[in-house]
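Here's the structure, in structure tokens; my notes come after.
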Amino acid sequence: MIALAASLVLALYVVVPGLLFRSIYRLFIPLRIVSGNTTEEATRAVMTNVIPLTLALLIVWYVPWLDNFPVHADLPELRAQDYKLVASCIYSEQQCNAAGQNFWAALNRTWRRQTVFLFWFYLLTAGTGFGIGYLAGGYGRFRSNRFYRWFADKLLFSRISEWHPLLTAFVFADKNTVVRANVLTVTDNLYRGVVSEHFVDSDGKLTGLILTEALRFDRRSFLQDKDAKLSPETEAYWHSVPGAKLYVFADKIVDLNLNYESPEPSLEMVEKYIERWLERPVQVEYSTPKTKRKS
Amino acid sequence: MTATDLSNLADLLEEDSIPNWLRDQIEHRTGEILNALKSGQSVHLDGPHGEQLTIGPITPPNPAHAT
């Protein structure tokens, strides 16, 4: 009986809130990008549950009207006494028989109180999952705020798999940013294309990536023409790879060269790049069909 | 990722995150742009989707407004 009650308590107060939080959080950001050992995951789970748990307790203890929703839970002054009776009856059948009708009355009040508590606990857990998911998913938009940066670095993404920021537009405010990669494999093949998807294992280690618009560099012909002193133009040796998507196994990758193309970069970014390339300060005016900006 | 904060990595990645056409044109027309800037002129670059970029020399501050 005790084992059954303990399992029920564990499921209702730990497992279900955890699943609820994760299912809402993952709407904003893939869960697999946040790695960590069991202790860190347990700590994170406790931290994310502490706030809704505390708020739910405050509601059921102190907030009139809300402490009787969605079911009516009366006689709050008997709360401690009821819990004590129910716990002792679960522990001992003899005490249960001795308590008689008092046990059933206490159990009735107890399940009503717990229904109220769990309702608010689950609702607040869902809200916390939504809030933290929104903050995590909006990293590119919010990271210019220094308080948010600290919060993200120390709490939200203290153990993020580095592949997610490297291979997606996650850190960019402009989500249309394209990640282009040049991939050199152990078989000495050089590919380039747009990184459309990547895969990591449970430890956050890269297992593979998919390139679209993939091209393969014809190194053999290039070297032959180079030896023949034909002054080859490297762009002419890139040939498209048959098939829409090229999967590259991570263990076959020797070298990965990444470029990020933001269709609408900030003026500051454009100016910095030009000044660094030209090695002199310049004045820049940049406009897209939608905007016009001047430094 | 523990050796560096995500923010540091994000700053690093954001550097040079500019459109390919812009990068290509700057890199291929470096000489032309530098010559124009030396002679005090601006250079206009056009992107494939109607983007326009003008690179000009830094305008010296107006002496009339100097204190």
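The values are calculated or read from the model by the stated rules, or taken from the named source; none is laboratory data. Values in this document were obtained by computation on a predicted structure and should not be read as measured data. Ideal geometry is used to build each Cβ from the backbone, glycine not excepted, and the neighbour counts take in all protein chains shown.
Would you be able to say whether some residue in segment A:165-176 is assigned to a helix (DSSP H, G or I), within 11 Å of chain B (Cβ to nearest Cβ), touching a residue at least 12 places away in the same chain (Cβ under 8 Å) and not β-branched (Val, Ile, Thr)? First the steps, then the outcome.
As a first pass, look at segment A:165-176 and keep what is assigned to a helix (DSSP H, G or I): A:165-167.
Among the residues that remain, those that are also within 11 Å of chain B (Cβ to nearest Cβ) are: A:165-167.
Checking which are touching a residue at least 12 places away in the same chain (Cβ under 8 Å) leaves us with A:166-167.
Filter once more, so that each one left must be not β-branched (Val, Ile, Thr): A:166-167.
Yes, that holds for at least one residue.
Note on segment A:154-176: among residues that are crowded, with 18+ Cβ neighbours inside 10 Å and among the small types (Gly, Ala, Ser), the one that is modelled with the highest pLDDT is A:Ala169. The set of residues in segment B:29-56 that are more than 7 Å from chain A (Cβ to nearest Cβ), under 15 Å from the mean Cα position of the chain (by Cα) and part of a loop (DSSP other than H, G, I, E, B) comprises B:Arg29, B:Ser42, B:Gly47.
B:Ile26 - would you say it is part of a helix (DSSP H, G or I) and within 7 Å of chain A (Cβ to nearest Cβ)?
On the way: part of a helix (DSSP H, G or I): yes; within 7 Å of chain A (Cβ to nearest Cβ): yes.
Considered against the rule, which asks whether it is part of a helix (DSSP H, G or I) and within 7 Å of chain A (Cβ to nearest Cβ), B:Ile26 comes out as yes.
All conditions in (1) under 28 Å from A:Thr207 (Cα atoms); (2) surrounded by 13 or more Cβ atoms within 10 Å (Cβ to Cβ); (3) modelled with pLDDT under 85 hold for A:Ala244, with the sole exception of (2). Criterion applied to A:Leu223, A:Leu230, A:Leu256, A:Leu209 was being touching a His at 6+ places or on another chain (Cβ under 6 Å) and not basic (Lys, Arg), and the one residue passing it is A:Leu209. Against the numbered list (1) touching a residue at least 12 places away in the same chain (Cβ under 8 Å); (2) under 17 Å from A:Ile51 (Cβ atoms), A:Gly131 comes up short only at (1).
The set of residues in segment A:193-211 that are assigned to a strand (DSSP E or B) and either surrounded by fewer than 19 Cβ atoms within 10 Å (Cβ to Cβ) or away from chain B (no Cβ under 14 Å) (or both) comprises A:Val194, A:Ser196, A:Glu197, A:His198, A:Phe199, A:Thr207, A:Gly208, A:Leu209, A:Ile210, A:Leu211.
Quick one: is A:Thr48 under 24 Å from A:Gly204 (Cα atoms), free of Cβ contacts under 8 Å to residues at least 40 places away in the same chain and of a type in the set (S, T, N, Q)? The answer is no for A:Thr48. Answer with yes or no whether A:Ser262 is over 30 Å from A:Phe199 (Cβ atoms), within 14 Å of another protein chain (Cβ to nearest Cβ), surrounded by 15 or more Cβ atoms within 10 Å (Cβ to Cβ) and hydroxyl-bearing (Ser, Thr, Tyr). So A:Ser262 does not fit the description; no.
Just one of the listed residues (A:Arg109, A:Arg113, A:Arg44, A:Arg32) is modelled with pLDDT of 90 or more and under 36 Å from the mean Cα position of the chain (by Cα), and it is A:Arg113. A count restricted to segment B:28-57 and to residues that are hydroxyl-bearing (Ser, Thr, Tyr) and touching a Gly at 6+ places or on another chain (Cβ under 9 Å) stands at 1.
Candidates A:Gly138, A:Gly100: the one that is surrounded by fewer than 17 Cβ atoms within 10 Å (Cβ to Cβ), on the phi > 0 side of the Ramachandran plot and of a type outside the set (Val, Ile, Thr) is A:Gly100.
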